[in-house]
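The values are calculated or read from the model by the stated rules, or taken from the named source; none is laboratory data. All values reported here derive from a predicted model rather than from experimental measurement. Here the Cβ is made from the backbone with ideal geometry for all residues, glycine too, and neighbour counts use every protein chain on show.
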Amino acid sequence: MHPNEALIEEFYQGFQQKDAARMIACYHPEVVFSDPVFQNLKGDRAKAMWQMLSARAKDLEMTYRDVQADDQKGQGYWEAVYNFSSTNRQVHNKINSAFRFKDGKIIEHIDTFDLWKWASMALGLKGRLLGWSPPVQKAIRAQAIRGLDEYMSRQPVKEN
């Protein structure tokens, strides 16, 4: 197994165990993370997002597969099943990840998934009818960033 494949596996296993410190240890100090909700988080903000999500993930079931990597880039596929805290509706999100590496750590992590499908599951009828629209997607992103900012004001990033 390539060392960067092992690094992705370590990251995903940390996520399965809701161990944010284990996940953060896989990230380069200058990491950039992006997904359809949390866009362009850098360094401590990316790390704090995983801390926040791990702390809130009481009922998370996460599986992963198809991990591949070489010296420069990698990829993986993962699924998360959980109840969205704001509505208590079950979400089954299917995510593709792309990674880049620097100094034996993850320097870039981009997750892609269908935000409209996510909104349909998490928000119910409103998400199904309006989750495709830019104003609703913007509101979802804004709420997520407010939650991250609030979390970061109370919790320092915990390194391994």
- request: Would you be able to say whether some residue in the range 59-82 is in contact with a Gly (Cβ under 7 Å, 6 or more places away or on another chain), free of Cβ contacts under 8 Å to residues at least 40 places away in the same chain and loosely packed, with under 14 Cβ neighbours inside 10 Å?
  value: yes
- line: Residues of the range 13-30 being buried (at least 21 other Cβ atoms within 10 Å of the Cβ) and either touching a strand residue (DSSP E or B) at 6+ places or on another chain (Cβ under 6 Å) or within 14 Å of Leu148 (Cα to Cα) (or both), in sequence order, are Phe15, Cys26, Tyr27
Selection from the range 83-118 of residues that are surrounded by fewer than 14 Cβ atoms within 10 Å (Cβ to Cβ), more than 13 Å from the chain's Cα centre (by Cα) and closer than 19 Å to Tyr27 by Cα: Lys102, Asp103, Gly104
- prompt: Quick check: anything in the range 74-97 over 16 Å from Tyr12 (Cα atoms), among the β-branched types (Val, Ile, Thr) and in contact with a strand residue (DSSP E or B) (Cβ under 8 Å, 6 or more places away or on another chain)?
  reply: yes
- request: Identify the single condition in (1) under 22 Å from Arg45 (Cα atoms); (2) surrounded by 15 or more Cβ atoms within 10 Å (Cβ to Cβ) that Leu123 does not satisfy, given that it satisfies every other one.
  value: (1)
- request: List every residue pair whose Cβ atoms sit under 6 Å apart, with the two residues 6 or more apart in sequence or on different chains, where the first one lies in the range 1-24 and is touching a residue at least 40 places away in the same chain (Cβ under 8 Å) and the second, anywhere, is exposed (fewer than 15 other Cβ atoms within 10 Å of the Cβ).
  value: Ala21/Lys158; Ala21/Asn160
- request: Spot the failing condition for Gly131; the list is (1) at pLDDT below 95; (2) small (Gly, Ala, Ser); (3) within 21 Å of Ser54 (Cβ to Cβ), and only one is missed.
  value: (3)
- prompt: Pairs, please: C-beta under 8 Å, at least 6 apart or cross-chain, first residue over 17 Å from Lys94 (Cα atoms) and in the range 120-136, second surrounded by 13 or more Cβ atoms within 10 Å (Cβ to Cβ) and charged (D, E, K, R)?
  reply: Gly124/Arg89; Val136/Lys126
query: Of the residues that sit in the range 31-58 and are aliphatic (A, V, I, L, M) and outside any helix (DSSP H, G or I), which one is surrounded by the most Cβ atoms within 10 Å (Cβ to Cβ)?
result: Val31
